[in-house]
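Just so you know, all these numbers are worked out from the coordinates, no wet-lab data involved. Please read these numbers as outputs of a predicted model, since none were measured by experiment. Quick reminder, even Gly has a Cβ in these numbers, built from the backbone with ideal geometry, and neighbours come from all protein chains shown.
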Amino acid sequence: MAPDRVVVINDSSLARGGATGLALLSVQMLAQCGQRVQFICGDAAGEVAGAEDVLSLGRARLREGAALSALRRGVYDAEARDMVAGWIERNDNPGTVYHLHGWAQILSPAVLDALAPVAARTLLHAHDMFLACPNGAYMDYVDDRPCERVPMSVRCITTNCDRRSYPQKLWRVARQRQLRKALDWERRPWGGVAMIHPAMREMLERGGVPGDKLFTQRNPASAWCAERVQAEANDGLLYVGRLRGEKGVVELARAARQAGMPLTAIGEGPQGDILAREFPEVARPGWLDAAGIAEHARRARGLVMPSLTREPFGLVAAEASASGLPVILPTTALMSGEVNALSLGFSYNGSDPQGLAGALQRLRDLAADETRAMSERAFSRRTPLAATPEAWIDGLLATYERLIAGH
């Protein structure tokens, strides 16, 4: 039975990252399927395409608000709880499904207390590791390596892994304790936890998420280019994303220079000034829409996703691969295993100073027939790295129907 209404809940109504973009895309596509959709968010929202109605808290993101109040509200925002609980009390019926995307930037764990009475009809979406790990990434930012500790263990709590400070880590620990109290897996029958990649399972289970609640719902991705990029005829590299430190774009510029390969970095961010000053050879067209990205993709030999943190998914890698571009990414990216196994590109050890440069040189020196074969495998999408938008929304609707049926 199809839901009477789907309530999509997310921190933000403005797409600054993957989770919000997907939440908004789901609203739009659900409406196109004839579903009634309510959107609830933490910021000050205007109209949201596809939403029948929008309810917003009017908050700024934690890092944009006053420090002391942000620290308190980030652990538990009672007003966010009351806003969501009030809507449920006024509007809920047995045919209503709730889908929680992002909560860590504004809404806080309090939103889970509001959803507790309808937990069996609530889908939690794990776009990251915040349901399990205090810093949301299983990443030790001080030692600059993936973390293998058990979240909230003594070793975890006493380790300074936060990118800002140990007091910030202790604040994250306090929030995680509140989150675990609100989740209360033993007594609150949450409908399920959608993972964006199957390799997230071990890490989520390590952090206390019950394995029988987990299932994979791969993110959607569409090719930039309708025709295959003839990667074998090109020699340039493409980067698409924010120009921030953790994204590794400066390291990529250095490795591209070492490999003698031209680089185009599409995006904006604080490291743009460093690129302009120290790597003037890097082309920086700023943010572009899909058509603009496609123009640069057609001249590229490969897409590089050089993130210094653990990436549970790689949207640009999936989009590039679907366009016929080989992809290069670190072994800490969960998608790297598939890229290697399917011969869709190369992975490298990010802790090796020469790892990225070596991978670029490998792509540079790959024979034309091998590069073409890699490109054709990717473009065929026989084993895609992501779902099509249509398959993704069909998967969500099937999950909603399961929650309504009580299975």
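At a glance:
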item	result
Packing-based ranking, highest mean first, of 106-118, 362-374 given that Cβ atoms within 10 Å are counted	106-118, 362-374
Inter-probe distance in nm under a simple model that places probes 7 Å from Cα toward Cβ, at Ser343 and Ile274	3.7 nm
Percent of beta bridges antiparallel (DSSP, the chain, rounded to nearest 5)	5 percent
Cα convex hull volume per residue for the chain (Å³)	137 Å³
Selection from Leu237, Leu356, Gly18, by position along the positive dipole direction of the chain (Cβ)	Leu356
222 nm mean residue ellipticity, helices alone, for the chain (DSSP H n ≥ 4; -39,500 (n - 2.57); rounded to 500)	-11000 deg cm²/dmol
For peptides 270-279, 125-134, sequence by mean Cβ density within 10 Å, most packed first	125-134, 270-279
Distance histogram for segment 88-141 (every C-alpha pair counted, 10 angstrom bins, percent rounded to whole numbers)	21, 48, 23, 7, 1
For the chain, built as a Gaussian network whose Cα springs stay under 10 Å, the top-fluctuating residue of Thr331, Thr309, Thr158	Thr158
Reach of Lys213 by Cα under 20 Å, taken over lysines that are not fewer than 8 positions away in the same chain	Lys181
Convex hull of segment 3-76 built on C-alpha atoms - directionally averaged projected area, nm²	5.2 nm²
Surface/4 of the Cα convex hull for segment 231-380, nm²	7.7 nm²
Sequence-distant residues sharing a close amide H with Arg145 (under 5 Å, placed H)	Asp140
Cα-only Debye scattering, segment 312-357: base-10 log of I(q)/I(0) at q = 0.20, 0.33 Å⁻¹	-0.59, -1.24
